[in-house]
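Each remark here refers to the structure printed beneath this line.
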Amino acid sequence: MLTALDLLTANDTPGQHAPSYYAATANHQTSHAPLEGELNCDVCVVGGGYTGLSAALHLAERGMNVALLEANKIGWGASGRNGGQVGSGQRVEQTVLEERHGKSHAKLLWELAEDSKTIVRSLIARHDISCDYTPGILHADHRKSFVEESRDYVEHLRLVYGYEDIRFIDGDEIGEHVGSPRYHGGSLDMGAGHLHPLNFALGLGRAALSAGAKIYEETKVTGIDGLGQQRVTIKTGNGEVRANHLILACNGYLGSLDRQTAAHVMPINNFIIATEPFSESEASEIIPNNIAVADSKFVINYFRMSADRRLLFGGGENYGYRFPEDIKSFVQRPMLDIFPQLEDAEIDYGWGGTLAITPKRMPYFARLAPNALTATGYSGHGVAMATLGGQVLAEAIAGTAGRFDAFEKLNIPSFPGGDRLRFPLLVLAMTWFSLRDRFGF
């Protein structure tokens, strides 16, 4: 099993953002000093991604003394490297959630997901975050047999949940939205959208600072003492924080910092490339309406155009925690399968990152102690959901736990063998699902 130290250093240079298109086009660079010495606060947040930044912002707005500790730079992890899709619903379809949890709880989870999109848009507007938010996500079926399921699911969302921002796309229309021969239909969700993920994270950080939160970068947490006691002690390389409350918001980079949380999540890697910029006419032949696309494979392909008309394409199967030596070539292969016409396009950037999934593909929210909360495992659906998660954690610490309880009651199981068997399970799962994607069984 890889520890937190391995995942924080195995593929990246500590203290530096990944060599991504996002880092190259960031609105600004951060330079928050590391923690030195002792600090007392109301709430200590560990992790500077969407969950932690949102929690710090919303707690500070409530007048609490908040310290956020980030091992590298804010937005350094998956929050600054992902596909930028602000999706509707949960990671799991509503029909599945209805079967698992009943219609009432499934409806509440849908409403929470709607809240998550609303909070992203409202934070962008309220704090003037320049992150290129653009409406529209196309869910594209890579098999004809999936098309009728898409039609039925769209109808279900419209009739049962009153969601009218989504519509079915048949095989005759799919080519009007994505310039690829690989897709047979799907659904177009104009209530969803896409953005520059690192600039969104940086904007949250700036907002949290303005609200009064303290942010410490290059401050790796090495241990936690006193869970359940009146004050928790969070130890770092050069100091420690004593806090009334603790929030763990580490997602794929948690490692063994907390064994309970680690047993419920599995870190996995994703990879993205960015092409050279295209002309306006060239870009319109690839994705005519500037929407984002996610396909129906389990090992998903996802792509969109950047603000300067580069194709940002995520895909590729990885069976371990080491990044491929040549990420550009690694992801170019699935890109050319979808867009063979791009064979001569230059690839300017290639990067990877680590996220966390759970056995049920739903986020894991839990009370580790009366004064310690964790939220993680967004399973590739974290741009909006993690931002909401931070707000939900802040509410729970302030004494309003209704939305937190809705997530905690999902009773996410741990992985068999806890955190010790995650790596062999990852290999088995990726092998099975990649075979299923290829051969359709």
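Taking a sphere under 13 Å around the Cβ of Asn40 and counting the other residues whose Cβ falls inside, with K and R at +1 and D and E at -1, yields a net charge of 0.
Using every pair of separate Cα atoms, the Kirkwood estimate puts the hydrodynamic radius of the stretch 75-203 at 15.9 angstrom. Here is the result for the stretch 309-368: no chymotrypsin sites (Phe, Trp or Tyr not before Pro) lie in DSSP coil with at most 11 other C-beta atoms within 10 angstrom of their C-beta. Applying the Kirkwood pairwise sum to the alpha-carbon positions of the stretch 280-414 produces a hydrodynamic radius of 17.6 angstrom. Restricting the calculation to alpha carbons of the chain gives Rg and Dmax of 20.8, 64 angstrom. Neighbours of Thr236, meaning other residues whose beta-carbon lies under 13 angstrom from its beta-carbon, give a summed charge of -4 when Lys and Arg score +1 and Asp and Glu score -1.
In angstrom, the C-alpha Rg and Dmax of the stretch 1-149 are 19.0, 61.
Across every pair of non-identical alpha carbons in the stretch 231-335, the mean reciprocal distance, once inverted, gives a Kirkwood radius of 17.1 Å. Taking each residue as 0.36 nm, the span from Gln341 to Leu159 lengthens on full extension beyond its C-alpha to C-alpha distance by 61.6 nm. Count Lys and Arg as plus one, Asp and Glu as minus one, and take only other residues whose Cβ is under 14 Å from that of Met64; the net charge is then -1.
So what's the back-of-envelope 222 nm ellipticity for the chain, counting only DSSP H runs of four-plus at -39500 (n - 2.57) apiece and dividing by all residues, rounded to 500?
Helices in the chain give a 222 nm mean residue ellipticity of -10500 deg cm²/dmol.
Helix 382-397 and the longest principal axis of the C-alpha atoms of the chain enclose an angle of approximately 30°. Distance distribution note for the stretch 1-66: the fraction of Cα pairs above 13 angstrom is 77%.
Multiplying each eigenvalue of the alpha-carbon gyration tensor of the stretch 68-149 by 5 and taking the square root yields semi-axes of 28, 18, 15 Å, largest first, rounded to whole angstroms. Amide H contacts of Thr219 (H built 1.01 Å from N, in plane; Pro and chain starts excluded): Glu70, Ala71, Asn72 sit under 5 Å, all sequence-distant by 5 or more or on other chains. Across the stretch 136-286, counting alpha-carbon atoms alone, Rg and Dmax equal 22.9, 63 Å.
The numbers here are math on the coordinates, done by the rules we state, and not lab data. The model shown is predicted, which means the values in this text are computed figures rather than measured ones. Virtual Cβ from ideal backbone geometry, glycine too; neighbours counted across all protein chains shown.
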